[in-house]
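Chemist: Encoded as structure tokens, here's the structure I'll be asking about.
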Amino acid sequence: MPIRYHCVTLAAALATFQAAGQIFSATPDWQSADKQVSTGGALVDLNRDGWLDLVVANGNDISRQRVVVYYNTGTGTLQTSPGWQSSDIAYHGHLDIADVNGDGWPDVAVAVLLPQGGKSAKVYFNNNGVLSTTAGWQASIGADTFGVAFGDMNGDGKPDLALASGDAYNNVPAINVVYANTGTTLSAAPTWQTSAARNYNNCLWMDADGDGLLDLVMCGSNSQTHVYRNTGTTLTTSPAWSTADVAAQFCLMAVSGDVTGDGRRDLITADNNQIFGGSGRFRQYTGLPAGFFGTTASWTYLDGYTSAVALGDLDADGDLDLCTGEWFGRTRYFLNAGSGFGSSATWTSGTTSTVEKLCLGDVNRDGLRAREAAFPADGPRKLFHLPVQPVQRLLWVTRDGVELSPAQYHANMDLGWLAIDAAPTSEVRVAYIESRSLDLAVTNWDSSQSNYLFINKRTPPCPSDFDGSGFVDTDDFDRFVEAFEAGIASADFDLSGFVDIEDYAAFVAAFEDGC
């Protein structure tokens, strides 16, 4: 019988804690000192020091403000005042992150509402860990733009930028566009556009029909929510799928992931009950075996001014949980029972705010572990989904045994997909860091409110419980030694990006400590 250490006691305490549903405290663990009209947000390791920073775009349609960064202090919390800010001001909307120029450093794209001088979106390039204070690329169109999203439209492994534009308030629809990646920046003019002018609030890239290509989801603003299908190197100019249950949605945001456990990705939207008659519900459109989703929602939750959604495994039980936010209301999460969400929230914040974006990541690094995934060659397929979302960090990517440079792939860390520049003949392998203790950052549009961070209070699984059994025993030691001798990324115990003797020493120390 294997020797078992006291991790069993921690596991029992964890089960009790999870049953209480208290993953986050009722009040935030961190608040920003500045109070702006915060909108876009992302948790990303901008300076590659191993700690997640918080990027926030301020302004919305209320005030011309700056893009800012709250750097991680390296102690598991964030600066209370921005450590970086843009020199320019604008009515900033939502943002997205990608390595646009392939230099290995994450860049920041930001949408602009009420654009001035035809600048409906812009990119701040990362220079060895510090963003330029002025934009290095700006969109050529001047439409009112609330959302942007990076995705590989043409299959070259590089991030292209989609813009979600249009002004439903004043009934000024726009031609929505994608700017292609040139290798060092984005194209000067759009390389794809919709055939008709429409109003959209936000967008995201996902493989909606299951064919291994990234499609573009556009969140309807006084219209249905639509999907533009990828045909190989471009998108259909008219929607290939649309919602049918709410004719005039005011969808502020959408997220995708397999929440039902059937291997198909589902689509979840925040349909705000704005003046256009949106439902005021979070709405789940379930993935179908033939591709795309049911056109009517299979699960909903009424929350009025619904505004934000995010998916991640909050309780480390292997399925995706849902975080939600609303304007002038509360933040919530719904734990997944294995096949979806219940009729009521598992947790509700004690504070009210005007939520614009929810960001999940391990800010204090208390639940990280290295993992490795292998994907066998599958014809021309160049899109691969990692077993988890969000992903904390990519360590390396290999195709047929050769490591790829950052210029050869594009990854969405929040949704957990990876697009590479050419299909493998044998396999693709990916080493990455995941977290079993996700924290929640919240941006607030109300200038009387701070931005928030809720720290995950759940005790993370023991790092030396290598096989995930709930016990630290000799089986874990054997499994670690096997992975270590094979050089598998899961044996990268100190998360250095390499499997070496320091990992062996760190594991032995943790194993002897019993956790």
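The values are calculated or read from the model by the stated rules, or taken from the named source; none is laboratory data. Note that this is a predicted model, so its numbers are computed, not measured. So basically every Cβ, Gly included, is an ideal-geometry build from the backbone, and we count neighbours across all protein chains shown. Please note that ligands, DNA and RNA were not included when accessible areas were found on the heavy atoms of the full protein model with its side chains. Shrake-Rupley method; radii C 1.70, N 1.55, O 1.52, S 1.80 Å.
Chemist: Quick check for me: using +1 on Lys/Arg Cβ and -1 on Asp/Glu Cβ, what's the dipole size of the chain about its Cα centre, in debye to the nearest 20?
Modeler: Result for the chain is approximately 1840 debye, rounded to the nearest 20.
Chemist: With a/c under 1.5 counting as rounded, go ahead and sort region 286-377 into rounded, prolate or oblate using the C-alpha gyration tensor (a ≥ b ≥ c being the square roots of the eigenvalues; past the cut-off, prolate if a/b is larger than b/c, else oblate).
Modeler: It is oblate, given that a/c is not under 1.5 and a/b is not larger than b/c.
Chemist: Let me ask another. Taking 0.36 nm per intervening residue step and subtracting the Cα-Cα distance, what contour gain separates Ser63 from Val130 on full extension?
Modeler: Extra length available between Ser63 and Val130 comes to 21.6 nm.
Chemist: Ser447 to Ser242: FRET efficiency via 1/(1 + (r/R0)^6), r the Cβ-Cβ distance, R0 45 Å, to the nearest 0.05?
Modeler: Computed FRET efficiency for Ser447 and Ser242: 0.80.
Chemist: Okay, moving on. What accessible area per residue, rounded to a whole number of Å², is obtained for the chain using a probe radius of 1.4 Å?
Modeler: That works out to 35 Å² per residue.
Chemist: Now, a different point. Taking 0.36 nm per residue of separation and subtracting the Cα-Cα distance, what length does fully extending Ala374 through Ser339 add?
Modeler: 10.1 nm
Chemist: Cα centroid distance between region 67-106 and region 183-262, in Å?
Modeler: 26 Å
Chemist: Could you work out how far apart the two model spin labels at Ala33 and Ala422 are, taking each label as a point 7 Å from the Cα in the direction of the beta carbon, and quote it in nm?
Modeler: 5.2 nm
Chemist: Another question about this same structure. In the neighborhood of Asp88, defined by Cβ-to-Cβ distances under 13 Å, what is the net charge if each Lys or Arg adds +1 and each Asp or Glu adds -1?
Modeler: Residues close to Asp88 contribute a combined charge of +4.
Chemist: Suppose R0 equals 35 Å; then what is the FRET efficiency for Thr184 and Ala486 from their Cβ-Cβ distance, rounded to the nearest 0.05?
Modeler: Rounded to the nearest 0.05, the efficiency is 0.40.
Chemist: Then there's this: With a point put 7 Å past each Cα toward its Cβ, work out how far Thr75 is from Thr351 in nm, to one decimal.
Modeler: 1.9 nm
Chemist: Using only helices, what value at 222 nm comes out for the chain when you add -39,500 (n - 2.57) per DSSP H run of length 4 or more and divide by the total residues, to the nearest 500 deg cm²/dmol?
Modeler: The helix-only estimate for the chain comes to -2500 deg cm²/dmol at 222 nm.
Chemist: Can I ask one more? So how far, in whole Å, is the C-alpha centre of region 483-515 from the one of region 379-423?
Modeler: About 24 Å separates the Cα centre of region 483-515 from the one of region 379-423.
Chemist: Could you check the spin-label model distance between Asp262 and Asn170? Points 7 Å from the Cα along Cα→Cβ, value in nm.
Modeler: A separation of 4.4 nm, rounded to one decimal place.
Chemist: Do the alpha carbons of any pairs in Lys357/Lys457; Lys122/Lys457; Lys35/Lys119 sit beyond 28 Å of each other, and which pairs?
Modeler: Lys122/Lys457
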